[in-house]
Structure formats: C-alpha cells, structure tokens
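Presented below is the structure to which this report refers.
The values are calculated or read from the model by the stated rules, or taken from the named source; none is laboratory data. No experiment lies behind these values; they were computed from the predicted model shown. When we count neighbours, we look across all protein chains shown, and the Cβ atoms used for this are built from the backbone with ideal geometry, even at glycine.
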Amino acid sequence: MLAVVPDEADLPRPTDGPPAAEAPGRPRRPRWWGRPGVRRWRRRLTRLAVVGVLLVVVAVAASVVWVRSGATGHIFSEVDVPPAPVALVLGAQVDPDGQPSPFLAARLDLARRLFLAGKVRVILVSGDNMRFEYDEPDAMRGWLIAHDVPEAKIVRDYAGFDTYDSCDRAIRIFGVHQAIVVTQSYHVPRAVMLCRRLGLDASGVGDESVKQYRWPWLISSTRENGACVKAVFDVVSGRDPVYLGRHETGVEDALRAS
C-alpha cells in the first residue's frame with residue numbers, strides 16, 4: 001500500500017502563541033493624537049512653553065541683577081554700618097501666640113544691638129496689621145520693650161504691607177530721610193534698593209543667625225528671586241502704597257527727645 005503524503009498546505013502552521021497583552025498601566029492614546037494637524041499643534045505648544053520658560057528665567061535673572069546693582073556699596077556688617085538717625089525694621093511673620101517668629105525676632109535683636117551701640121537713635125517697626133487679629137508692629141514693639149529698648153524710642157507703622165510700602169511710607173508719612181534697614185541678609189539688597197530708589201538714604205544690615213532653620217531659609221531665599229521681579233515693577237510703575245494718610249510725627253518727636 002502506498003503511503004499518502006499530505007500536501008504542505010494541509011500541514012498545521014506553527015503559531016507565535018497568543019497575542020501579547022498590552023503593558024499594564026499604559027492607556028492607549030486616542031487615534032486623533034497622531035494625526036498630522038494635531039502633531040503640528042503639539043509642536044507649536046511645546047515651542048511656546050519653552051519660550052515662556054526662557055522669558056521667565058531671563059526676567060528673574062535680569063531683575064535680580066538690577067536689584068543687587070542698586071544696593072551695591074550700601075550693605076554693611078553690624079560693626080561697619082555708618083550711623084543713621086533711624087533703624088527701619090521690616091516686618092515678618094508673627095506666631096499664633098502673638099510672639100515674633102524666629103526670623104522676626106532676629107531682626108529685632110539686630111536693631112536692638114544697633115540702638116544700644118549708638119548706631120541709631122530711633123527704631124521704626126513697619127509691618128502688617130491689615131486684619132484685627134494679626135498685628136506685627138505691636139508684637140515687634142512688645143519684643144523690643146521686653147529687651148531693654150525704651151518705649152519712647154520705638155515708632156510703629158501699621159501699614160507696612162510689603163517692603164515697597166514700608167520704604168515709601170517711611171519717607172512720605174514719617175519723614176525719614178536717612179536710615180539703616182534691618183532684615184535678613186537675603187532680603188537686604190531688595191530692601192535697600194527700593195528705599196534708595198524712593199529717595200531714602202538707606203544702608204542695610206542683614207541678619208544670618210536664623211540660617212540654622214535650613215528649610216525656611218532656603219525657601220525664603222528662593223522666593224526672594226521672584227520678589228525682585230515685583231520690586232522692578234513697583235519702581236517702574238511708581239505706585240502709591242496701599243495706605244498713605246496724613247503725616248505722622250512719631251519719628252520726629254522721638255528724635256527730638258533723644
């Protein structure tokens with residue numbers, strides 16, 4: 001009997017196994033995602049995003065350079081700063097218990113030392129009191145009195161809502177023409193530049209004792225770069241402070257009594 005050899009076409013073909021399963025967690029893109037018109041828009045949006053990021057970086061860098069150049073030659077150590085009639089202490093956070101935060105307490109302690117060393121004769125504390133339950137100037141004044149600064153030598157500005165307002169009000173409301181600005185060292189260039197641009201003969205002394213609080217210091221130092229952009233806008237626009245009001249004689253009275 002002859003053996004029947006099956007035709008090659010009738011033989012079972014080897015298979016590659018079951019179809020591969022899609023990788024878990026990777027959603028399939030909709031069909032329209034790869035269409036030519038969509039790809040063009042994706043490229044345009046990507047270019048716009050890159051240009052936007054570059055413009056922000058350039059604006060921040062240029063603002064920082066401009067701010068620092070405006071303060072060059074006017075920032076000193078505590079020992080070397082030239083005397084001035086007034087120390088302008090810029091406000092910062094007050095804790096829920098009504099006490100100055102470590103950053104603000106460090107500024108106040110630096111102003112206290114300048115006063116005791118005879119570098120300044122009056123301390124003007126400028127801070128935020130926009131809400132009834134939050135009062136930086138009174139907290140600052142209380143701290144200074146508790147640390148041996150005479151009450152008569154402390155003047156409060158309740159409308160120092162930001163650095164620009166504090167500098168402008170020191171001149172226009174309190175009649176200050178020469179001062180030592182007291183704040184943290186990362187903040188001093190912007191504060192001195194703003195005061196000088198507004199017409200106040202300002203020198204600056206910066207505190208670095210709170211560098212031990214590494215994260216708050218790093219966050220505040222980083223935010224300062226963005227604040228420089230706002231400072232440039234404030235100077236160029238020449239805006240008024242949030243509140244102006246009538247002239248106050250507190251600084252003049254305290255200087256006459258010294």
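Given the condition loosely packed, with under 15 Cβ neighbours inside 10 Å and aliphatic (A, V, I, L, M), answer yes or no: does some residue in region 225-243 qualify?
For region 225-243, residues loosely packed, with under 15 Cβ neighbours inside 10 Å and aliphatic (A, V, I, L, M): present.
Counting only residues that are hydroxyl-bearing (Ser, Thr, Tyr) and surrounded by fewer than 21 Cβ atoms within 10 Å (Cβ to Cβ), which one in region 95-135 is modelled with the highest pLDDT?
101
Enumerate the pairs (first residue in region 192-204 and crowded, with 23+ Cβ neighbours inside 10 Å; second residue anywhere and aromatic (Phe, Trp, Tyr) and in a strand (DSSP E or B)) with beta-carbon separation below 9 Å, excluding pairs fewer than 6 apart on the same chain, so at least 6 apart or on different chains.
203/76; 204/76
Need pairs with beta-carbon distance below 8 Å; first residue under 20 Å from residue 65 (Cβ atoms) and within region 208-235, second of a type in the set (Lys, Arg); sequence gap 6+ or separate chains.
224/190; 227/190; 228/190; 231/190; 235/197
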